[in-house]
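> Before I ask anything, here is the structure I am working with.
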Amino acid sequence: MTNTAPRVLLLPGWQNSGPTHWQSRWEVLYGDQRVLQDDWIWPKRGDWMMQLDEALLAQPGPVVLVAHSLGCQLVAAWAAHSRHTARVQAALLVAPPDVERDDTPPQIATWRPIIRQPLPFAAVALISSDDPFCAPERGHAMATAWGAAALELGPLGHLNGDSGLGDWPEGRAVLNSLLSTPDDDE
């Protein structure tokens with residue numbers, strides 16, 4: 001009976017997550033591992049997908065993906081192409097951005113179109129009602145396309161460092177509930 005807890009891989013969005021971001025705080029508090037990218041300013045979808053594959057394969061056991069913003073788009077694109085999705089136990093998708101908006105910065109416009117295939121693992125999308133980068137209905141539509149449960153959290157901006165979430169125990173509770181859902185054993 002090996003009860004190996006999954007490793008949490010943090011997938012920051014465009015420009016990475018700064019020191020006040022909950023992802024950075026979780027890295028320190030819980031020992032979660034950030035997936036580093038070669039270019040945070042001009043992200044290339046294929047390059048980011050390759051980095052995720054390499055980080056996942058470096059883990060000895062199952063992983064949980066915890067994505068913020070463009071990291072959510074990374075999870076969807078990666079899952080549609082990778083042969084290693086069975087290594088993922090679940091994903092927490094926080095503040096998925098609408099990269100198909102007319103005002104999308106040119107640095108991330110190459111992430112169009114949004115990949116809208118069901119994810120092959122359990123997922124929950126957390127959506128803010130006043131996210132400046134995604135209207136709630138678009139966030140819900142992405143979650144539906146990905147087969148993810150969607151939770152709208154109210155007016156919390158982009159759910160980032162500017163949102164004042166601190167260590168964000170509420171987000172960690174959602175992650176923990178996602179991990180404790182019973183599946184095939186006992």
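The values are calculated or read from the model by the stated rules, or taken from the named source; none is laboratory data. These numbers were taken from a predicted model, which means no experiment stands behind them. Ideal geometry is used to build each Cβ from the backbone, glycine not excepted, and the neighbour counts take in all protein chains shown. Ligands, DNA and RNA are stripped out before the accessible areas are found, and what is left, the full protein with its side chains, is counted by its heavy atoms. Shrake-Rupley method; radii C 1.70, N 1.55, O 1.52, S 1.80 Å.
> Tell me, which residue of the stretch 135-154 that is outside any helix (DSSP H, G or I) and on the phi < 0 side of the Ramachandran plot is most open to solvent (accessible area, probe 1.4 Å)? I'd like the intermediate steps shown before the answer.
In the first step, residues of the stretch 135-154 are kept if they are outside any helix (DSSP H, G or I); the result is 135, 147-154.
From the residues that got through so far, the ones that are on the phi < 0 side of the Ramachandran plot too are 135, 148-153.
Details: ALA135: 36, ALA148: 13, ALA149: 54, ALA150: 39, LEU151: 75, GLU152: 93, LEU153: 63 Å².
The qualifying residue most open to solvent (accessible area, probe 1.4 Å) is GLU152.
> What are the residues in the stretch 76-99 that are within 14 Å of ALA55 (Cβ to Cβ), open to solvent by 30 Å² or more (accessible area, probe 1.4 Å) and either of a type in the set (Ser, Thr, Tyr) or free of Cβ contacts under 8 Å to residues at least 12 places away in the same chain (or both), if any?
None; the set is empty.
> A further question on this structure: Do the conditions hold for LEU126, that is, is it in contact with a Gly (Cβ under 9 Å, 6 or more places away or on another chain), within 13 Å of LEU93 (Cβ to Cβ), open to solvent by less than 50 Å² (accessible area, probe 1.4 Å) and in contact (Cβ under 8 Å) with a residue 60 or more places away in the chain?
Values: in contact with a Gly (Cβ under 9 Å, 6 or more places away or on another chain): yes; within 13 Å of LEU93 (Cβ to Cβ): yes; open to solvent by less than 50 Å² (accessible area, probe 1.4 Å): yes; in contact (Cβ under 8 Å) with a residue 60 or more places away in the chain: no.
Taking the combined requirement at face value, the residue does not satisfy it.
> Go through the residues of the stretch 172-179 one by one and say whether even a single one is open to solvent by less than 20 Å² (accessible area, probe 1.4 Å) and touching a helix residue (DSSP H, G or I) at 6+ places or on another chain (Cβ under 7 Å).
Kept after step one, since they are open to solvent by less than 20 Å² (accessible area, probe 1.4 Å), are these residues of the stretch 172-179: 175, 178.
After this cut, where a residue has to be touching a helix residue (DSSP H, G or I) at 6+ places or on another chain (Cβ under 7 Å) as well, the list is none.
There is no residue in the stretch 172-179 that is open to solvent by less than 20 Å² (accessible area, probe 1.4 Å) and touching a helix residue (DSSP H, G or I) at 6+ places or on another chain (Cβ under 7 Å).
> If you check GLY157 against the conditions, is it of a type outside the set (Phe, Trp, Tyr), at positive phi and either modelled with pLDDT of 95 or more or not in a helix (DSSP H, G or I) (or both)?
Numbers: of a type outside the set (Phe, Trp, Tyr): yes; at positive phi: yes; either modelled with pLDDT of 95 or more or not in a helix (DSSP H, G or I) (or both): yes.
Yes, satisfied.
> Hey, among the residues in the stretch 25-35 that are under 14 Å from the mean Cα position of the chain (by Cα) and of a type outside the set (D, E, K, R), which one's most open to solvent (accessible area, probe 1.4 Å)?
The initial filter retains those residues of the stretch 25-35 that are under 14 Å from the mean Cα position of the chain (by Cα), namely 26, 32-35.
Still in the running and of a type outside the set (D, E, K, R): 26, 33, 35.
Working: TRP26: 0, GLN33: 54, VAL35: 4 Å².
Only one residue tops the list, namely GLN33.
> Looking at ARG45, is it out of contact with any helix residue (DSSP H, G or I) (no Cβ under 8 Å at 6 or more places or on another chain) and in contact (Cβ under 8 Å) with a residue 60 or more places away in the chain?
Spelling it out, it is not the case that ARG45 is out of contact with any helix residue (DSSP H, G or I) (no Cβ under 8 Å at 6 or more places or on another chain) and in contact (Cβ under 8 Å) with a residue 60 or more places away in the chain.
> Which pairs turn up if I take residues in the stretch 150-171 that are closer than 13 Å to PRO136 by Cβ and look for partners that are among the aromatic types (Phe, Trp, Tyr) and buried (at least 19 other Cβ atoms within 10 Å of the Cβ) with beta carbon separation below 7 Å, at least 6 apart in sequence or on another chain?
Matching pairs, first to second residue: HIS158/PHE133.
> What number of residues within the stretch 138-164 are touching a strand residue (DSSP E or B) at 6+ places or on another chain (Cβ under 8 Å) and among the hydroxyl-bearing types (Ser, Thr, Tyr)?
Result for the stretch 138-164: 1.
> Output the number of residues of the stretch 96-123 satisfying the condition of being out of contact with any Gly (no Cβ under 8 Å at 6 or more places or on another chain) and among the small types (Gly, Ala, Ser).
So the count comes out to 2.
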